[in-house]
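Following: one structure in structure tokens, then a few remarks.
The values are calculated or read from the model by the stated rules, or taken from the named source; none is laboratory data. What you see is a predicted model, and the numbers here were worked out from it, not measured in a lab. Every residue, glycine as well, gets a Cβ built from its backbone with ideal geometry; the counts of neighbours run over all protein chains shown.
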Amino acid sequence: MEKIAEKKKAILESTLKLVKENGFHGTPMSQVAKKAGVAAGTIYHYFDSKDTLIMELYLYTQYRVLDAMRENSREDMDYKTLFFSNWMSRCQFYIENPDALCFMEQFVNSPYNNRCSREQNERFQKEVLQFIERGIEQKYLKPMNQRLMCIMMHSTALTAAKIQLAGQVSLGEEELQQLAQMVWDGIKLN
């Protein structure tokens with residue numbers, strides 16, 4: 001992820017927390033400024049409107065997820081190991097960042113999601129789609145719709161994190177491995 005100014009990061013992180021607590025409509029810019037410890041004018045230096053802030057927060061959160069996945073992957077990993085690492089890293093990111101999980105859930109179910117251009121969404125999906133495409137080409141994965149595979153991988157990690165955070169089940173390393181195995185079994189080429 002690109003290096004961002006500390007004040008801008010504070011604004012983004014504060015917005016994540018406030019959106020989790022109050023939703024989009026219950027989070028005015030004045031409250032964001034107060035929580036971030038910046039002057040209201042500072043917010044407008046970075047974001048010309050609340051809508052712009054929300055849209056950029058979506059991009060920021062997506063980059064953080066990709067960074068978490070990249071952090072735990074290495075060039076020398078075989079395809080299956082890398083798949084497990086990516087899936088578990090995504091899930092672990094949301095468990096460790098419940099504000100981000102809540103924001104993403106609200107975002108995709110809001111009119112903001114419709115404002116995302118295909119290019120914006122593809123910027124993040126590109127890396128995952130290329131990974132899936134490589135798996136199909138190298139005969140690790142079934143020759144299925146790559147976007148559907150992407151949805152399944154993301155939604156299962158998100159749901160697992162949600163039930164962990166809700167206290168419905170305790171997901172340790174072993175349970176995360178089992179869930180990743182179930183996803184893998186669903187898409188691997190037999």
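Here are the numbers:
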item: For SER73: the one exception among (1) among the small types (Gly, Ala, Ser); (2) within 22 Å of GLU133 (Cβ to Cβ); (3) in a helix (DSSP H, G or I); result: (3)
item: Extreme residue, surrounded by the fewest Cβ atoms within 10 Å (Cβ to Cβ), among residues of segment 109-146 that are among the basic types (Lys, Arg) and at pLDDT below 90; result: ARG118
item: Enumeration of residues in segment 5-25 that are in contact with a helix residue (DSSP H, G or I) (Cβ under 7 Å, 6 or more places away or on another chain) and either hydroxyl-bearing (Ser, Thr, Tyr) or outside any helix (DSSP H, G or I) (or both); result: SER14, THR15, GLY23, PHE24
item: Qualifying residue in segment 95-108 (condition: among the acidic types (Asp, Glu), touching a Leu at 6+ places or on another chain (Cβ under 7 Å) and closer than 29 Å to GLY23 by Cβ); result: yes
item: From PHE47, PHE84, residue being closer than 27 Å to LEU141 by Cβ, touching a residue at least 12 places away in the same chain (Cβ under 8 Å) and over 16 Å from the mean Cα position of the chain (by Cα); result: PHE84
item: Count of segment 26-68 residues which are of a type in the set (A, V, I, L, M, F, W, C), surrounded by 17 or more Cβ atoms within 10 Å (Cβ to Cβ) and assigned to a helix (DSSP H, G or I); result: 11
item: Number of the exception - GLY23 against (1) within 21 Å of the chain's Cα centre (by Cα); (2) surrounded by fewer than 15 Cβ atoms within 10 Å (Cβ to Cβ); (3) farther than 17 Å from VAL128 by Cβ; (4) without any contact (Cβ under 8 Å) to a residue 24 or more places away in the chain; result: (4)
item: Considering residues of segment 147-181 that are under 19 Å from ASP67 (Cα atoms) and without any contact (Cβ under 8 Å) to a residue 40 or more places away in the chain only, the residue surrounded by the most Cβ atoms within 10 Å (Cβ to Cβ); result: CYS150
item: So GLU71, is it free of Cβ contacts under 8 Å to residues at least 40 places away in the same chain, surrounded by fewer than 19 Cβ atoms within 10 Å (Cβ to Cβ) and within 30 Å of GLN181 (Cβ to Cβ); result: yes
item: Residue, nearest to ASN86 (Cα to Cα), within segment 136-179, restricted to residues that are more than 14 Å from the chain's Cα centre (by Cα) and charged (D, E, K, R); result: GLU173
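Here is a yes/no grid of residues against (1) of a type in the set (Asp, Glu); (2) surrounded by 19 or more Cβ atoms within 10 Å (Cβ to Cβ):
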{"site": "GLU75", "(1), (2)": "yes, no"}
{"site": "THR81", "(1), (2)": "no, no"}
{"site": "MET88", "(1), (2)": "no, yes"}
{"site": "GLN92", "(1), (2)": "no, yes"}
{"site": "PHE103", "(1), (2)": "no, yes"}
